[in-house]
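The values are calculated or read from the model by the stated rules, or taken from the named source; none is laboratory data. Here the structure is a predicted model, which means the values were calculated and not measured. Counting neighbours? That spans all protein chains shown, and the Cβs are built from the backbone with ideal geometry, glycine included. For the accessible areas, the whole protein counts, side chains as well, though only heavy atoms, and no ligand, DNA or RNA atoms are used. Shrake-Rupley method; radii C 1.70, N 1.55, O 1.52, S 1.80 Å.
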Amino acid sequence: MKKARDCHTLLKTFRTNFATLQTPTHYKMDPSERYSFNPVLRWNPQVEDYFIKAYGVQHFSRISKALTHPSCYSCVRVNTLKSTSDAVIEKLLTIMQDSGFKKAADCVDSHKTDATVDSDIAQKLKHSVKESNVNQNSDACGKVVLGQNEDMARAMKESLQDRTISKCLVPGLEYVVFVKGSGPHTIDYGYAPGKPPKEVIVSRKCAEAVLRGAQIYVPGVMACSAHVEKGDIVAVSVAIEQPGVDGKWGLGVTRGTVMHGLETDPYYSKRGGLYIGQGTTMMSRAGIFRVTEGIAVDMNNRIFKLPSFYDVLEGEIFLQNLPSIVTAHALDPQKGERILDMCAAPGGKTTAIAILMRDEGEVVAVDRSHNKVMDVQKLAAEMGLNCITTYKLDALKAVCRRNESNDISTKYCSKDNVCESIQGSDDTRLHEERVPSTATEGLTAVMTCTENVSNEKGNERTYISKADIRKNKQKMRNGPGRNQSLGGRVENSKGFFPNSFDRVLLDAPCSALGLRPRLFAGEETIVSLRNHGKYQRRMFDQAVQLVRPGGVIVYSTCTINPGENEALVRYALDTYKFLSLAPQHPRIGGPGLVGGCEFPDGYVEEWLRPGEEELVQRFDPSSPLNTIGFFIAKFIVGSKDS
């Protein structure tokens, strides 16, 4: 018995000592440091090494820091078919004045008195752009473009300086309105020795939304202090993913955990420097973990203060990142053209393109998700746009399949909006056919590429499985689903004929490592980043087939990963000799990355070559523009026969 007690005492002592060794020194950090917002973005070690090779240690450190913070302003795109930027500014000032946001009333007069200054800067910028256009073929073009970029950056800075709401001064983007935010702010969470504040811990994704101006909804709450009642003031911290014993990432906090504000709380030390603000609970602790929806905490004291424009001036404005707006301009859509947006949801770029075309022509918007296609339809309807046609279609299957021996006949809309026929050299004609939808048969409208078939084959019965019969009976008994109700119909597409579009936008699905604020990035690995690149190349192959000779392809991503940006450009130019990079207007972003990277496994990734870097736009989140990380490349399609 004595030996057993000794062993138990020894084991207890070992565990205590081990816990002491594992306790980070910042457990005892000063409260002012703990109750602050100073996040450090966590990367996969191999990915971090890769980005350091691409950007350098200091530059990548600045990028990582910038990604953890939201942009200092909101960017509002005005629907010029319904309103003007001046009218929208007046309406937003009134709304912000009523909501008490930063004494917006004080900014009304400054908005008017600064009009002369804005006009002077705009004139200088127009002169700069004109000079750039004149000298595009000269040896000094690179210097002129760099000078223009500096003017653009200065215009952006002037647009935001000392004004809550201002019009963009970049030529061509006067319909863009900036709404300035503020932060980071220092917040007094009411800490007292031995008496920590009541606290709510939210998930990382919830916290990122809150930093952009959202409220805290019930599903985002992970843990909460004991005895929290409705109306209590609480500090809000973030649970960031941590590595598990299986090598996977997880929050490590069970939803509903009771927090005591003690060092024994889950990830107590790791939450230091991750407090995003203070709010008032809208329900008790029991209510938060009992209901499934609703606002849990009203965030009334935020680290970053950005006005919310949810449900504000619907149809007149659209909240959109500046690089996304520039992407639509880079495509340079013209009235009467037929344009394809390959990955259209949620529809921001689609509607921007349609407005630039003055709603004349055809914008075909596709996405592989039924619900996302509906989102595009809803946005187009809100904005009063009629030239947008939507389809459910996987961008990897965007090109219509056909037998090589068939004669091709299809239609496309040329610049003068005249329908022309493109003839092939074979025997059988293909045509587009629409199949009507009936609820009882459970079919959706589709666009197919079909061949002429014999009457015998045409009279064959279509096989319907027992599973389809059961589904159709359920639909008849239960009624239409949410997305199959009136106004919720989505047409499927089997693809489009080659060379059938004047311009194609491929805003490709990507690693999204340029989006901000971002509080965690450890899930991406070198393998996953390479897989993103492979996926994007397959999509780009489809885009090349769909655009006609003389047309334009614009490729864009919201990532800082060169493997999805410059490496795609390299692939495109090396694979398709009839493609060439084209200048973009307006040019606000910086140059691309030249060179490449060799990985430890011997794989060599090639980026841009000297002279190509100024023909793309790379938006650096750590630059004075304060945008998300973004990339745009524009290609002119030459003769495909050469």
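Only Lys, Arg, Asp and Glu count, each charged at its Cβ (+1, +1, -1, -1), so figure out the dipole size of segment 322-373 about its Cα centre, rounded to 20 debye.
Working: 6 positive and 7 negative charges, 30 e Å.
Value, rounded to 20: 140 debye.
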Tell me, what HN-Hα J-couplings in whole Hz come from the Karplus equation 6.51 cos²θ - 1.76 cosθ + 1.60 at θ = phi - 60° for each residue of segment 587-595, using x for Gly and Pro?
10, 10, x, x, x, x, 8, 9, x
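Excluding ligands, DNA and RNA, what is the solvent-accessible area per residue of segment 45-90 at a probe of 1.4 Å, expressed in Å²?
Details: 1910 Å² over 46 residues.
I get 41 Å² per residue for this part.
Given a cut-off of 23 Å, what percent of all Cα-Cα pairs of segment 533-642 lie beyond it? Could you put the intermediate results ahead of the total?
Details: 1649 of 5995 pairs.
Tail fraction, whole percent: 28.
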Hey, how many Å between the Cα centroid of segment 64-95 and the Cα centroid of segment 197-260?
30 Å
Low-density loop positions, GluC sites (Glu not before Pro), segment 161-258 - DSSP coil, at most 16 other Cβ in 10 Å:
Glu229
Of all accessible surface on segment 492-557 at a 1.4 Å probe, what whole percent is carbon and sulfur?
52 percent
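Please give the length that would be gained between Ser61 and Lys91 if that part of the chain were fully extended, namely 0.36 nm times their separation in residues minus their C-alpha to C-alpha distance (nm, one decimal). It would help to have the intermediate numbers written out before the result.
On the way: separation 30, 0.36 × 30 = 10.80 nm, distance 3.97 nm.
Separation in residues times 0.36 nm, less the Cα-Cα distance, equals 6.8 nm.
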Counting only backbone N atoms under 19 Å from a point 7 Å out along Cα-to-Cβ of Lys230, the residues of segment 288-306 in range are 288-300
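Order 48-60, 335-347 from most to least packed using the mean count of other Cβ atoms within 10 Å. Write out the running numbers ahead of the final one.
Working: 48-60: 16.1, 335-347: 23.4.
Highest mean packing first, the order is 335-347, 48-60.
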For segment 485-532, what are Rg and Dmax over the alpha carbons, in angstrom?
17.7, 45
Relative contact order computed over segment 225-337 (Cα-Cα under 8 Å; 6+ residues apart), in percent:
27 percent
Amide N proximity, segment 75-92 versus Asn386 label position 7 Å along Cα-to-Cβ, cut-off under 18 Å:
80-83
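Over segment 514-621, what is the relative contact order in percent, taking alpha-carbon pairs closer than 8 angstrom and at least six residues apart? Before the final figure, lay out the partial values.
Numbers: 105 pairs, mean separation 26.5, N = 108.
Normalised by residue count, the contact order of segment 514-621 is 24 percent.
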Taking a crude spin-label model, label points 7 Å out from Cα along the C-beta direction, the Thr80 to Ile52 distance in nm is 4.7 nm
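Counting only heavy atoms of protein chains, what accessible area per residue, in Å², does segment 158-257 have with a probe of 1.4 Å? List each step's numbers first, then the result.
Details: 4300 Å² over 100 residues.
Accessible area per residue: 43 Å².
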